Amino acid sequence: MADDVNARLRALLQAYAERAAKEPDKTTKDHADRRMCGERLHSIVRPVLEGFMAELKNAGHEASVREHIERDDAYPSVALSFTPHGGLSSAVIFRYDPRHGIVVQREVKHAPWKGRPPTGGAGDRLGTIGVSAVSAAWVETKMLSFIEAVLKAN
């Protein structure tokens, strides 16, 4: 790298270090919030997703559940990937967002042989809920909406 680029990079890093030193340590609360959310995702959301996965597989489709709740470099999440027989793989993810609680997002892949996909982004938000308010019934509602969208798209 050129000397001026290195100097600018060092200045940015130094400014960040100075700003970080002035701010109170929020990592303890952040880790506690992450841990609590990870526990809720594991104990409430994951069992519902596993139930849906079993039903989808029994119907001849492909499905899998993945969970990331112990990582320091990412917020806790649980996701289900669903590939309808002869279709494209889609996913729904329940993840922790420190500003909103648990956020549900889906990415529904539209089969190219079914015509043009609807306009809009690749994924959309199905809803948010406070971490302590999440329930199996809420997760079931979001899952039914997701599966309906995937089956229509394929």
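What helices (runs of 4 or more DSSP H) lie completely within the stretch 1-95 and have 1 or more residues being more than 21 Å from V139 (Cα to Cα)? I'd like the intermediate steps shown before the answer.
Numbers: elements: 3-22, 27-40, 46-58.
Qualifying helices (runs of 4 or more DSSP H): 3-22, 27-40.
Inspection of the stretch 22-30 identifies at least one residue that is in contact (Cβ under 8 Å) with a residue 24 or more places away in the chain and surrounded by 11 or more Cβ atoms within 10 Å (Cβ to Cβ).
Is it the case that some residue within the stretch 118-135 is at pLDDT below 90, over 30 Å from K29 (Cα atoms) and not small (G, A, S)? Looking for residues that are at pLDDT below 90, over 30 Å from K29 (Cα atoms) and not small (G, A, S), one finds at least one in the stretch 118-135, hence yes. The condition of being modelled with pLDDT under 95 and small (G, A, S) does not hold for G51.
The values are calculated or read from the model by the stated rules, or taken from the named source; none is laboratory data. For clarity, every value in this text was computed on a predicted model and none was experimentally measured. Note that each Cβ is placed from the backbone with ideal geometry, even for glycine, and that neighbours are counted across all protein chains shown.
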